[in-house]
Amino acid sequence: MTVVACLPGDGIGPEVLEQAVRVLEQLPVDVEIARLPFGGAAIDELGEPLPDSTLAACRESGAVLLGAVGGPRWEGGAIRPEAGLLALRKHLDVYANLRPATHAGIDLLVVRELVGGLYFGARGTRADGTVFDTCEYTPAQVERIARRAFELARTRSGKLLSVDKANVLETSRLWREVVTWLGRTEYPEIELRHGLVDSVAMWLVMHPEEFDVLVMENTFGDILSDVAAGVTGGLGLASSASLGDSGPGIFEPVHGSAPDIAGTGKANPTGMLRSLALALEHGLNEPALAQSVRAAVDAALEKAPTPDVGGTATTREFGDAVMAALEVPVERGGGL
Ligand code: NAD
Ligand code: IPM
Ligand code: MN
């Protein structure tokens, strides 16, 4: 039996994850749910955001479902909940973060490099008080994420936009060089274009329907994926899959712990539920069930929208609507 590691985390994390677990338990799939302490909750309980036992269980799992981490409660502390998330991504080497954004004529995919760049470069404080973070990339790090993006572009429209800041940054010049070389040598049939991150951000806001697959480094991807979520209806809707070359992926919504609405029942679990669909597709080899979950979520968005998308349903009522709309493929229907 495959274990699905469930890391609720903080704020609305547990609230949205619970809906994904309810839906997963209703599906005809042979999985065991393991709930594990993570983030601020794990700092409170065990003194660290990614306890060894949680990491070990994630490594053994078929997929990791993650709510969200962080919140004002842990700000200024010796160790932040977010450090646990970054460590988990690094340990599992999930370098390819897929962040789809779809809505009324928009169907784009942000492919974000997830384990390099500013987030993981040298950092510190010099004697004169200067504080620094550094953006670092090796050619191999760029090559593997670029290859993943070319492969994804091949399954879609055959077009790839690589986003950088090559007019200013050395790492971006390396990025552009490696992506161009890979395109020329291995993917000549893919139409590759390059864009500078600032103007791409503007164009994404004004003409999101013109985009398909975009690939970029870690920090640019963090920011542009929130922009992409914004133009498709908000952070509550956006999902992600973080994948390596082997081992389990991490499936988590793009949003954070939303401390402003935590505990009020207002959280939209769509991003989490769509991340469950990505887990079924990329982690549990159940693409048909992934499609069923997506369709049920779309139906629930019509029938029982949460306040962020103009409705009044609570998080749990939205989960109820998804479960009511869920139709599993006939050949797999015996388990219900
Ligand atoms: P956030 O994504 O938590 O919230 C931004 C805004 O979007 C808030 O107004 C919030 O109410 C709203 N929102 C987010 N998700 C929603 C949902 N599912 N339904 C309805 N509304 C939703 O970003 P923030 O406020 O900048 O960050 C809060 C904390 O979350 C910080 O500690 C940050 O580090 C952390 N964070 C964690 C993750 C993660 O765990 N992957 C991602 C982003 C931010
Ligand atoms: C995200 C989040 C994280 C990131 C934080 C919480 C470390 O914003 O998943 O987008 O910046 O990667
Ligand atoms: Mn983010």
Where in the stretch 4-123 are the strands (runs of 3 or more DSSP E), entirely inside, with at least 2 residues that are buried (at least 24 other Cβ atoms within 10 Å of the Cβ) and of a type in the set (D, E, K, R)? 106-113
Just to be sure before I move on: is residue 261 within 14 Å of ligand 1 (Cβ to nearest atom), in a helix (DSSP H, G or I), surrounded by fewer than 23 Cβ atoms within 10 Å (Cβ to Cβ) and not hydroxyl-bearing (Ser, Thr, Tyr) in the structure I sent? no
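With the structure loaded, tell me whether residue 286 is under 21 Å from residue 33 (Cα atoms), of a type in the set (Asp, Glu) and either within 13 Å of ligand 1 (Cβ to nearest atom) or at pLDDT below 95 (or both) or whether it fails that test. Lay out the reasoning, then the answer.
Details: under 21 Å from residue 33 (Cα atoms): yes; of a type in the set (Asp, Glu): yes; either within 13 Å of ligand 1 (Cβ to nearest atom) or at pLDDT below 95 (or both): no.
So residue 286 fails the test.
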Taking interchain pairs and intrachain pairs at least six residues apart, which have beta carbon atoms under 7 angstrom, with the first residue in the stretch 95-116 and at pLDDT below 95 and within 16 Å of ligand 3 (Cβ to nearest atom) and the second of a type in the set (D, E, K, R) and not in a strand (DSSP E or B)? none
Hey, could you check the stretch 264-305 for residues that are surrounded by fewer than 24 Cβ atoms within 10 Å (Cβ to Cβ) and among the polar types (S, T, N, Q) and say which is nearest to residue 251 (Cα to Cα)? 285
Of those in the stretch 199-231 that are within 15 Å of ligand 2 (Cβ to nearest atom) and open to solvent by 20 Å² or more (accessible area, probe 1.4 Å), the residue farthest from residue 136 (Cα to Cα) is 230
Report every pair of residues separated by at least 6 positions or lying on different chains whose Cβ atoms are under 9 Å apart, first residue within the stretch 169-198 and loosely packed, with under 14 Cβ neighbours inside 10 Å and assigned to a helix (DSSP H, G or I), second at pLDDT 95 or above and among the aliphatic types (A, V, I, L, M). 177/142; 177/166; 184/192
Checking residue 255 against (1) within 12 Å of ligand 2 (Cβ to nearest atom); (2) within 13 Å of residue 62 (Cβ to Cβ), only one condition comes out false. Which one? (2)
Given the conditions (1) part of a loop (DSSP other than H, G, I, E, B); (2) open to solvent by 20 Å² or more (accessible area, probe 1.4 Å); (3) farther than 30 Å from residue 164 by Cα, every one holds for residue 256 apart from (3)
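Is one or more of the residues making up the stretch 65-76 within 16 Å of ligand 1 (Cβ to nearest atom), farther than 24 Å from residue 268 by Cβ and not β-branched (Val, Ile, Thr)?
Going residue by residue through the stretch 65-76, those that are within 16 Å of ligand 1 (Cβ to nearest atom) are 65-76.
With farther than 24 Å from residue 268 by Cβ added as a condition, the list becomes 75-76.
Keeping just the survivors that are not β-branched (Val, Ile, Thr) gives 75-76.
The answer is yes; a qualifying residue exists.
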Meets criteria (open to solvent by less than 50 Å² (accessible area, probe 1.4 Å) and aliphatic (A, V, I, L, M)) for residue 161: yes
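Let's see how each residue does on (1) in contact with a Lys or Arg (Cβ under 9 Å, 6 or more places away or on another chain); (2) more than 16 Å from ligand 1 (Cβ to nearest atom); (3) at pLDDT below 95:
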position: 10; (1), (2), (3): yes, no, no
position: 13; (1), (2), (3): no, no, no
position: 16; (1), (2), (3): no, no, no
position: 24; (1), (2), (3): no, yes, no
position: 28; (1), (2), (3): yes, yes, no
position: 32; (1), (2), (3): no, yes, no
position: 37; (1), (2), (3): no, no, no
Among (1) more than 16 Å from ligand 1 (Cβ to nearest atom); (2) in a helix (DSSP H, G or I); (3) open to solvent by 20 Å² or more (accessible area, probe 1.4 Å); (4) in contact (Cβ under 8 Å) with a residue 24 or more places away in the chain, residue 140 falls short only on (4)
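The values are calculated or read from the model by the stated rules, or taken from the named source; none is laboratory data. What you are looking at is a predicted structure, and each value in this text was computed from that prediction instead of being measured. Don't worry about glycine lacking a Cβ; one is built from the backbone with ideal geometry, like all the others, and counts go over all protein chains shown. Please note that ligands, DNA and RNA were not included when accessible areas were found on the heavy atoms of the full protein model with its side chains. Shrake-Rupley method; radii C 1.70, N 1.55, O 1.52, S 1.80 Å.
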